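A.B. asks: Sharing a structure below in C-alpha cells format, with a few things to ask.
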Amino acid sequence: MKSFSYERAKTPADAAAAAARIKGARFIAGGTNLLDLMKLEIETPVHLIDVNGLALDKIEVLPDGGLRIGALVRNTDLAAAERVRREYPLLSRALLAGASGQLRNKATTAGNLLQRTRCVYFYDTNMACNKRAPGSGCSAIGGISRQHAVIGGSDACIATHPSDMAVAMRALDATVETVRSNGVERKIPIAKFHRLPGDSPHIETDLQPGELITAVKLPKPVGGTQLYYKVRDRASYAFALVSVALIQQKDGTGRVALGGVAHKPWRVESAERALPRGSKATADALLADAKPTPDNAFKVKLVERTLAAVLAHSKEMRT
Amino acid sequence: MQDSEDINRRELLIAGAVTAAATALPLASNAQDSGTSAPVIAKVTLEVNGKSASLALDTRTTLLDALRDHLHLNGTKKGCDHGQCGACTVIADGRRINSCLTLAVMHDGGKVTTIEGLGTPDKMHPMQTAFVKHDGFQCGYCTPGQICSAVAVLNEIKAGIPSHVSADLLAPPRVTNAELRERMSGNICRCGAYSNIAEAIAEVAGSAA
C-alpha cells in the first residue's frame with residue numbers, strides 16, 4: 001500500500017473543498033472497497049478524507065412522502081429500517097442479497113453506489129485494463145468473460161457494476177444528492193449517475209473530481225409487488241451472474257431493472273411495456289442489443305428464466 | 001506435554017515469520033508498505049477489550065494489524081486480508097466487522113472487542129463453550145472470527161435485522177438453520193465445520209437448528 005496522510009472532515013463542504021485542494025485525495029467512509037483496492041495498489045490515494053464524522057447517517061421522511069437516505073447510512077441499517085422494509089421492500093431485499101453481514105455493517109449508501117467493478121482483469125495488475133490503466137487495452141475481451149457484461153459494453157471495456165442496491169435504486173427512480181468542491185449542491189437522477197464504458201471506462205459516474213455524495217432520495221412509495229431475485233454461483237455472499245429487480249402493480253404493469261449484465265444497473269423504460277406479456281417479451285426488449293461473448297451468452301437466457309421466476313412469484317403474490 | 005508441544009509449534013512459526021520478514025519486508029511490514037513512499041504516523045487511541053491503548057501507527061495500519069502486531073492480541077486471525085474469509089472478524093462499537101478492511105486510525109476513540117475480550121480459558125463465553133461442545137472447528141484458524149461473528153449474529157436477530165432468507169421482512173426474524181447459515185456466510189471454514197457451527201450457535205440461542 002502507498003502511504004497517505006489522513007484527516008477527519010468536519011462538514012460536507014469542508015470535505016469537498018479538501019478533495020479539490022489536494023490532488024490524489026479520496027474520501028473514505030466504510031472503506032470496504034477502497035482499502036481492498038489500496039492494498040493491491042489499484043487505488044493509490046495520497047490523502048484520505050474520512051467522512052464518517054459528517055452527520056449524514058439519518059433517514060428522513062420527506063413532506064412528499066419520499067425518503068432522504070444519508071450518504072453514510074450503513075447497508076445493514078438501510079435494509080433494516082422499518083419504513084424501507086414496509087414501503088420499499090425491493091431496496092431491503094437487494095441490500096440483503098449483497099455482501100456479508102460484516103461488510104453490510106460497514107458499507108455505506110454512497111459507497112455502495114461507488115463500488116468499482118470486480119472484473120478479474122481489473123484486479124490483476126499484471127493484465128491490461130482500460131479502467132485501471134487507460135489505453136492499456138482490455139484483457140476481458142477475448143479472455144475469460146463468464147462474469148462480464150452482455151449489453152452496453154464497448155471495445156474498451158465489458159466490466160459489470162457489482163452493486164445489488166444500485167439496481168433497486170434504479171428501479172425506484174432514486175436521485176443522488178451531492179455537494180461540489182465550490183459548495184454548490186446538485187441532484188443527479190440515478191439513471192444518469194452511472195455511465196456506460198464507451199472509450200473512457202475509467203470514468204464510471206457523473207461525479208466531478210472532489211464532488212461528495214450527501215444523500216440518496218427516493219420518491220414517494222409506488223407500492224405494488226416488489227421482488228429482487230439474484231442468481232449466483234453460491235447461495236450467499238457472491239456477486240450476481242444475473243439479478244432482477246421487479247416492481248409490479250395489480251394490472252401487470254410495472255418496472256424492471258437488471259444487475260450483473262452491464263456496466264451500470266440496466267433498465268430500459270420502453271421495455272417495461274412488455275411486462276404484461278411475460279418474461280420472453282420483456283427479456284427480448286431489455287436485451288435487444290445484447291452482444292454477449294461465448295463465455296457469457298448463457299446470461300441472456302438466464303435473464304429470461306429469472307424474469308419468468310420473478311413474474312410467477314409476483315403473480316402468486318398479487319392473486 | 002500438551003503445553004510444551006504448543007510452545008514448540010508456536011516458536012517455530014514465529015521463527016519462520018521472522019525469516020520471511022527479514023528477507024522480504026524489513027521495514028513496517030505490519031503497515032503493508034510497498035517500499036516506495038514515506039510513512040505517515042498518526043496517534044491512535046483504542047479501547048480494546050475494556051482497556052485503553054495509545055499507539056503511534058503508520059496510517060496504513062489496518063485495525064487487524066494494530067490488534068495483532070501492536071497490541072499482540074493474536075486471537076484475531078489474518079486469512080485473506082481482503083474481506084472475503086471473515087477470519088479477522090471483531091466487534092467494533094457493537095458491530096461485527098472485517099478488521100482487515102478498516103484502518104486503525106479510523107477507529108481512534110472507538111471500542112473493539114476481540115475473541116480475547118469475549119472470554120478466557122477459565123471463564124469462557126457461552127458461544128466458546130458451545131463451539132467446544134459441538135466440535136465447531138477442526139484446525140481452529142477461522143474459529144475466533146466465527147465466534148465473534150456468531151455472538152453478533154444473535155444480537156442482530158434480536159435487534160430485528162432481517163436477512164436474505166427472512167421470508168417476511170415485517171416479522172421478527174427467527175433463529176433457524178437457514179437464517180444462521182445465511183447470516184454466517186461471511187465466515188469461511190475450509191475444514192467444513194459449518195453444520196457443527198450452526199448447532200453451536202443454535203444452542204446458545206436456545207433453539208434447535
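A.B. asks: Quick check, is A:Arg83 in a loop (DSSP other than H, G, I, E, B), within 14 Å of chain B (Cβ to nearest Cβ) and surrounded by fewer than 24 Cβ atoms within 10 Å (Cβ to Cβ)?
C.D. replies: Spelling it out, it is not the case that A:Arg83 is in a loop (DSSP other than H, G, I, E, B), within 14 Å of chain B (Cβ to nearest Cβ) and surrounded by fewer than 24 Cβ atoms within 10 Å (Cβ to Cβ).
A.B. asks: Residues that are under 17 Å from the mean Cα position of the chain (by Cα) and under 16 Å from A:Ala80 (Cα atoms): does the range B:163-183 have at least one?
C.D. replies: yes
A.B. asks: Take the conditions small (Gly, Ala, Ser) and under 28 Å from A:Ala107 (Cα atoms) and apply them to B:Ser166. Does it pass?
C.D. replies: It is true that B:Ser166 is small (Gly, Ala, Ser) and under 28 Å from A:Ala107 (Cα atoms).
A.B. asks: Here's a check for you: in the range A:237-271, which residue that is in contact with a Lys or Arg (Cβ under 9 Å, 6 or more places away or on another chain) and free of Cβ contacts under 8 Å to residues at least 40 places away in the same chain is farthest from A:Asp206 (Cα to Cα)?
C.D. replies: A:Gly252
A.B. asks: So, one more: Right, A:Ser236: more than 14 Å from chain B (Cβ to nearest Cβ) and in a loop (DSSP other than H, G, I, E, B) or not?
C.D. replies: no
A.B. asks: Filter the range B:49-88 down to the residues that are of a type in the set (A, V, I, L, M) and either within 14 Å of chain A (Cβ to nearest Cβ) or surrounded by fewer than 22 Cβ atoms within 10 Å (Cβ to Cβ) (or both) and list them by number.
C.D. replies: B:Ala53, B:Leu55, B:Ala56, B:Leu57, B:Leu63, B:Leu64, B:Ala66, B:Leu71, B:Leu73, B:Ala87, listed by residue number.
A.B. asks: What are the residues in the range B:158-175 that are touching a helix residue (DSSP H, G or I) at 6+ places or on another chain (Cβ under 9 Å), within 11 Å of chain A (Cβ to nearest Cβ), of a type outside the set (A, V, I, L, M) and surrounded by fewer than 19 Cβ atoms within 10 Å (Cβ to Cβ), if any?
C.D. replies: B:Gly160
A.B. asks: Something else now. Answer yes or no: is there a residue in the range A:110-122 that is within 11 Å of another protein chain (Cβ to nearest Cβ) and assigned to a helix (DSSP H, G or I).
C.D. replies: No, the range A:110-122 contains no residue that is within 11 Å of another protein chain (Cβ to nearest Cβ) and assigned to a helix (DSSP H, G or I).
A.B. asks: In the range B:129-157, which residues are surrounded by fewer than 17 Cβ atoms within 10 Å (Cβ to Cβ) and among the polar types (S, T, N, Q)?
C.D. replies: Of everything in the range B:129-157, those that are surrounded by fewer than 17 Cβ atoms within 10 Å (Cβ to Cβ) and among the polar types (S, T, N, Q) turn out to be B:Thr129, B:Gln138, B:Asn155.
Read-outs throughout are calculated quantities, based only on the coordinates presented, and are distinct from any laboratory measurement. None of the values given here were measured: they were computed from a predicted structure. Cβ: placed from backbone, ideal geometry, glycine included. Neighbour counts: every protein chain shown.
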